[in-house]
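Asks: Structure incoming, see below.
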Amino acid sequence: MVDKICVLSNKEEIVSEVQELLNFVGYEVFLINSVEDLNMENNFQIILIYSSNTHESFTWIKKIKTDSKLKDIPIILIVEKKEYTILFDAYQIGISDFIELPVMDIELISKVALHIELKKNRERIENLYTELKDSLSLATNLQKLMLPPEISFKNGVWFTSRYLPAQIVGGDIYDYFEIDGKVFGYVADISGHGIQSALLCSAVKSAIRSSTSRNTSLVDIVNELHEGTKSILANNYLTGIFFKIHPGGSVEYINCGHPGIIVYDGKDFYPLDMKNTFPIGLIDHIYSIEDVGKFYMEEGNAYLLYSDGLYSIFEKKYPNESSHKLLFEFLKREVAGVPSEILPFYIENIIKKLYAEIPDDYSVISIGKNEHFCFVDNEQKIINTSNRIIEDIVKELELNSFSDDYAILCNEYRAYSVFMTKGIEIGHILRNLPMSISLSFGDVAMIKVFYQ
């Protein structure tokens, strides 16, 4: 396609040589004498401007540069004499270059060709950026769809979770689901960031779901994941904790080089003593029963799983100190005392307040079990309490859902109950609960109701 050039001038005889020369080298040149005659349908690649009146030239330039449809077209100003004060002002209002009369063939052709190519390159970059943004947006939505609900309940075990990407999309993935009365889950982190890691997350989830549909041995599941992702991980590797929770609360796990579980008893945080083995994809390792660890979930405790992106905040701010130690100090100082169910959301809120920039994406999952509980979402309704007041609150909360993706979790404790909600309007309910406190995080909220 022939590039089109516009020559804007009130002196046709002055620019006729410019028009003839540019036509000769293959451009399609349009000569006009008013800005109003500019036709965007011609898709001009460049505009050359000449006027015997400098003020008129500047007026034309300003009109072009303030028109949203024309402002990105490069302008070459043709001047009779090189006056630096005039040229300085012209550059200030938006010209790309200038040519001095009489016109030199090589200068004219080279400058026009250069600025047309620069314009095309800029447009290519802008198009690529738009495509990349669209791809990132799609990848972000896909990654969100891959994650389980932020408030969930599986066979007597409650889950609350939060994922925060540092670059729109990242390499964190977690999941929890129930098969034959057992609850399977994992939190994993693929090395790297961006779309590649996000796509690998999709492959990991598919591989684990597929494997657990055929067998329930953690060793077999992790080995199958290792074999299945060997070709697609390439130079990446994957750390993760993969677990199976049996009815009653006993837990089997394989920790593949991932940060260990943190136990929270409502007052303090302490590390769970765990086995550890190699990350998946780092070396060609065959996992065995020797790599399987066990522990028992105690009622009232929460078990915090997270990705090492949570360390990155402290690694960046305090590079010479132990990030593991700093994380525990942070949790004890800023978080200890809040209800277990709200940990993922509360931790995110505090981190955003204290640290403006998060270097790495991270995930936080809180897991626990209670003797008396309620859980309601659009798929199930479980009421396991003898407290009529709690039942009534749950019913009223359910009536005030504003989203199809709503959830209500209630855990009963000795002196209070904790309600976690998503997609529920809680404002008017709080007015009827004088002995309560609440915290909100977007469409997720927590209500702590004290017993009289």
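Asks: Can you put 284, 265 in order of Cβ neighbours within 10 angstrom, beginning with the fewest?
Replies: 284, 265
Asks: Can I ask one more? Quick one: which residues, 5+ away or cross-chain, put their amide H under 5 Å from the amide H of residue 156? H built at 1.01 Å from N.
Replies: It is none; the list stays empty.
Asks: For the range 433-448, just list the computed ³J(HN,Hα) in residue order, Karplus coefficients 6.51, -1.76 and 1.60, θ = phi - 60°, integers in Hz, with x standing in for Gly and Pro.
Replies: 10, x, 8, 8, 10, 9, 9, 10, 9, x, 8, 9, 9, 10, 10, 10
Asks: Same structure, new question: Largest first and in whole Å, what are the equivalent-ellipsoid semi-axes of the chain based on the Cα gyration tensor, each being the root of 5 times an eigenvalue?
Replies: Largest first, the chain gives 63, 27, 20 Å.
Asks: For the chain, list the cysteines whose Cβ sits under 4.7 Å from no other cysteine Cβ?
Replies: 6, 201, 256
Asks: Among rounded, prolate and oblate, which fits the range 371-452 when a ≥ b ≥ c are the square roots of the eigenvalues of its C-alpha gyration tensor, a/c under 1.5 means rounded, and a/b larger than b/c means prolate?
Replies: oblate
Asks: Next question, about the same structure. Please report the base-10 log of the normalised intensity I(q)/I(0) for the range 268-341, using a Debye sum with one equal scatterer per alpha carbon and no solvent, at each q in 0.24, 0.25 (1/Å).
Replies: -1.19, -1.21
Asks: Same structure, new question: Of 349, 231, 415, which is farthest along the charge dipole of the chain in the positive direction, counting Lys and Arg as +1 and Asp and Glu as -1 at C-beta?
Replies: 415
Asks: For the range 371-444, which trypsin sites (Lys or Arg not before Pro) are both in a DSSP coil and crowded by at most 11 other Cβ atoms within 10 Å?
Replies: For trypsin sites (Lys or Arg not before Pro) across the range 371-444 that sit outside H, G, I, E and B with at most 11 neighbouring Cβ atoms in 10 Å, the list reads 414, 431.
Asks: In whole Hz, what ³J(HN,Hα) sequence does the range 202-214 give by Karplus (6.51, -1.76, 1.60; θ = phi - 60°), x for Gly and Pro?
Replies: Result, rounded to whole Hz: 4, 5, 5, 4, 4, 5, 6, 4, 5, 5, 5, 6, 9.
Asks: From the phi angles alone, apply the Karplus equation (6.51, -1.76, 1.60; θ = phi - 60°) to the range 52-64 and give each ³J(HN,Hα) in whole Hz, x where the residue is Gly or Pro.
Replies: With coefficients 6.51, -1.76 and 1.60, one gets 5, 10, 4, 4, 5, 4, 5, 4, 4, 4, 4, 4, 5 Hz.
Asks: Can you compute the helix-only [θ] at 222 nm over the chain? Use -39500 (n - 2.57) per DSSP H run of at least 4 residues, normalise by all residues, nearest 500 deg cm²/dmol.
Replies: Value at 222 nm, helices only: -11000 deg cm²/dmol.
Asks: Let me ask you something else. How do 4, 154, 230 line up, fewest other C-beta atoms within 10 Å first?
Replies: The fewest-first ordering by Cβ neighbours comes to 230, 4, 154.
No lab work stands behind these numbers, since they all come straight from the coordinates. In this text the structure is predicted, and so the values were computed from the model without any measurement. Cβ atoms come from the backbone with ideal geometry, glycine included; neighbour counts cover every protein chain shown.
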